[in-house]
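Coordinate-derived values only; no laboratory data. Worth saying up front: this structure is predicted, and the values here are computed from it rather than measured. Neighbour counts run over all protein chains shown; Cβ positions are idealised from the backbone, glycine included.
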Amino acid sequence: MPVAPRGEPELRRRRIDRISGPGWCDRSAVGKARSVKTIWVLGDQLNTRLGALAEADPSTHRVLLVESLAKIASKRWHRQRAHFVIASMRRFAAELESAGFEVDLRRADSLRGGFHEHVEAHGPDEVLATEPASWDGLEMLRSLDVTIVRSNQFLCHYDEFADWAAGKKSFKMENFYRWQRERLDYLMDDDGEPEGGRWNFDDENREPPPKGDENPWSDPETSQLDDLDRKVIDDLERAATDAGGELWGAEPDGTWATSRRAALSRLRHFVDDVLPQFGPHEDAMVRRSWHLAHSVLSPYMNIGLLLPGEVCDAVQDAYDEGRVPINSAEGFIRQVIGWREYVWGVYWLWMPDYRSMNALGADRALPPAFTGAASTEMNCVSNCIDTLHDKAYNHHIQRLMVLGNLGMLHGVDPWAMTDWMWANFIDGAEWVMLPNVIGMSQWADGGKMATKPYAAGGNYIDKMSDYCKECRFDRKQRTGDDACPFTTLYWDFLARHHDRFVKNPRIARQVRASEKLSDLPAVRERAVEVRQLLDDGRL
Ligand SMILES: Cc1cc2nc3c(=O)[nH]c(=O)nc-3n(C[C@H](O)[C@H](O)[C@H](O)COP(=O)(O)OP(=O)(O)OC[C@H]3O[C@@H](n4cnc5c(N)ncnc54)[C@H](O)[C@@H]3O)c2cc1C
Ligand code: SF4
């Protein structure tokens, strides 16, 4: 694989200072004047360089963080997910305190309630907050007496995205990504051309899993749990029980960092030990590794412990120093400045209607095999659910081609899929889930996000994983008790939505192939049984 030459210092200077602000404040200022303004920091804005906090000073500002009981009670959260957010908030509050800030870390019935209680207790002259990442957060802030500071949590604000998209009849992630790369000067050579002579190295990044037991992927770093973690775990169990709800999944085990320091260490580990392997097996799934060469950095970027610019800078530096090949660096930077930012942009462009889209009229409940209420003999699904249970994480292709795929083929209500993934994925948030779940995985937006539905039968899963060879089902069979449920439901899906997809050039060939199946009536009959078995948790 080609390895990058060392980068020119000029390249580094040309890059914009993406996140401005002083960072940690000067402790010498503490106590010189009474705090008069409050900065309300939401649970996914845990970084001193963000928005309102970037200009804060302990002598003039105090900080409010609210742990909302309503939020804890609102879903059946994965334990690790709930712990990740609350422990990170508490650590961030402690860090702000040691930097000299007065911090009001408050438990309240709701975010709104916490705000009112804080105002009553402290009477701030003004409350400032950084623009939230998701729609409901912004609506809430707008309904309160809060000054909203523009977000710098993404490299492309959604206003800039809307300007980029304006006037385009249709737009694609690829075009946005190229625009971002040029604008942000990532992996561009001195002549303004993409490094390595190409914008895209995807064709080197779709390899099936390596055969045998080879496990070359370095494990992510872990942290020791401390007293703060244990207190959060106890508090969450109690809060969930008091609210009449419950948590799901394995206890926190130190996989997920809950401080900026630990998140930065995870980033270094990824760049040094994992990034050189990122890419080739991006779409592969193996039982022997839950992470392969994925970064597992999304949760940190999504709550502010890491900023996307510094993550990409670290990757660019590694490339400049010749430590990673171009396909790995490009593959990763594409995900962050391309997909991640695109998803944020389209979310704001298409909300609020986007949330309720259901183009395929899907209305079934989640299969009990997803929620843990039933076990399953489908090897692919059981591996993904076991990983979800243990780590609150699945990598992209498991989310898209196993869980999402089955949800769409089965006809699960898209919002039920979204809500379930949101509660369980360590990196869940509405802005990122809607385009990915409603759009990409369920095709519920009628093709705004993905030009074709990501539907696949057992053959695809077999090609990209080691799941099928030890499964009790046969990926090649479409009918009968041993038929792979994915294969049966795939053909049924194409037949069921024949008229909608037969003119779609990206999937028309498969739709035509379904017309020609001699056993199509039997496949469709078996699909009815499969759906019932899935609903009953008996598959
Ligand atoms: C059905 C479905 C649900 C998803 N739910 C979430 C979610 O709740 N939260 C979330 O952050 N991502 C979600 N994604 C996108 C993607 O799967 C995750 O970002 C990725 O798996 C996170 O793991 P990683 O950090 O190891 O990713 P890597 O493979 O290491 O990728 C690097 C980074 O690129 C970004 N990225 C890559 N693809 C996407 C994408 N499609 N959308 C947004 N960011 C992307 C992430 O920040 C990620 O950390 C979902 C995708 C699908 C298909
Ligand atoms: S045979 Fe079908 S159900 Fe079994 S692992 Fe393969 S795709 Fe999954």
Practice prompt. Evaluate the relative contact order of segment 356-536 (contact order divided by residue number), counting alpha-carbon pairs under 8 angstrom at least 6 apart; express in whole percent.
Written response: 21 percent
Worksheet item: Roughly how many nanometres apart are two label points built 7 Å out from the Cα toward the Cβ at residue 102 and residue 224?
Response: 3.6 nm
Worksheet item: Extension gain residue 396-residue 150, at 0.36 nm per residue separation less the Cα-Cα distance, in nm?
Response: 85.6 nm
Discussion item. Suppose each label sits 7 Å from its Cα in the direction of the beta carbon; what would the residue 179-residue 126 distance come out to in nanometres?
Written reply: 3.3 nm
Practice prompt. Set the Förster distance to 25 Å, then compute FRET efficiency between residue 375 and residue 242 from the Cβ-Cβ distance, nearest 0.05.
Written response: 0.25
Worksheet, complete the sentence: The simple spin-label model distance between residue 207 and residue 74, using points 7 Å out along Cα→Cβ, in nm, is 4.3 nm
Worksheet entry | Helix 414-424 vs. the chain, principal-axis angle (Cα, 0 to 90°, nearest 10) | 50 degrees
Worksheet item: Quick one: which of 172/391; 231/391; 452/476; 75/391 span more than 26 angstrom between C-alpha atoms?
Response: 172/391
Fill in: Nearest 10 degrees, 0 to 90: helix 379-391 Cα axis against the chain principal axis
10 degrees
Worksheet item: Using a ≥ b ≥ c from the Cα gyration tensor of segment 356-536 (square roots of the eigenvalues), is it rounded, prolate or oblate, where a/c under 1.5 gives rounded and otherwise the larger of a/b and b/c decides, a/b for prolate?
Response: oblate
Worksheet, complete the sentence: Mean separation of Cα contacts under 8 Å (at least 6 apart) over the residue count of the chain, i.e. the relative contact order in percent, is 16 percent
Discussion item. Relative contact order for segment 176-332: what percent, with Cα pairs under 8 Å and sequence separation of 6 or more?
Written reply: 33 percent
Discussion item. If the only charges are +1 at each Lys and Arg Cβ and -1 at each Asp and Glu Cβ, what is the size of the charge dipole of the chain around the Cα centre, to the nearest 20 debye?
Written reply: 1140 debye
Worksheet entry | Cut-off 19 Å (backbone N to label point 7 Å along Cα→Cβ of residue 506), residues of segment 416-454 | 433-454
Worksheet item: Computed FRET efficiency, Cβ-Cβ of residue 37 and residue 472, R0 60 Å: what is it to the nearest 0.05?
Response: 0.45
Discussion item. Can you compute the charge dipole magnitude of segment 27-149 about its Cα centre, using +1 on each Lys and Arg Cβ and -1 on each Asp and Glu Cβ, nothing else charged? Give it in debye, rounded to the nearest 20.
Written reply: 560 debye
Response to the item:
Taking every DSSP bridge whose two residues both lie in the chain, the antiparallel percent to the nearest 5 is 10 percent
Worksheet item: If one takes the longest principal axis of the Cα atoms in the chain, at what angle in degrees, from 0 to 90 and to the nearest 10, does the Cα axis of helix 260-269 lie?
Response: 50 degrees
Worksheet item: Which loop trypsin sites (Lys or Arg not before Pro) in segment 96-153, with loop taken from DSSP, have no more than 13 other Cβ atoms within 10 angstrom of their Cβ?
Response: 150
Discussion item. Strictly over 26 Å apart at the Cα level, which of 169/516; 169/503; 448/516 would you flag in this model?
Written reply: 169/516; 448/516
Worksheet entry | Computed E for residue 193/residue 454 - FRET, C-beta separation, R0 30 angstrom, nearest 0.05 | 0.40
Discussion item. What does the extension gain come out to for residue 528 and residue 214, with contour length at 0.36 nm per residue minus their alpha carbon separation?
Written reply: 109.1 nm
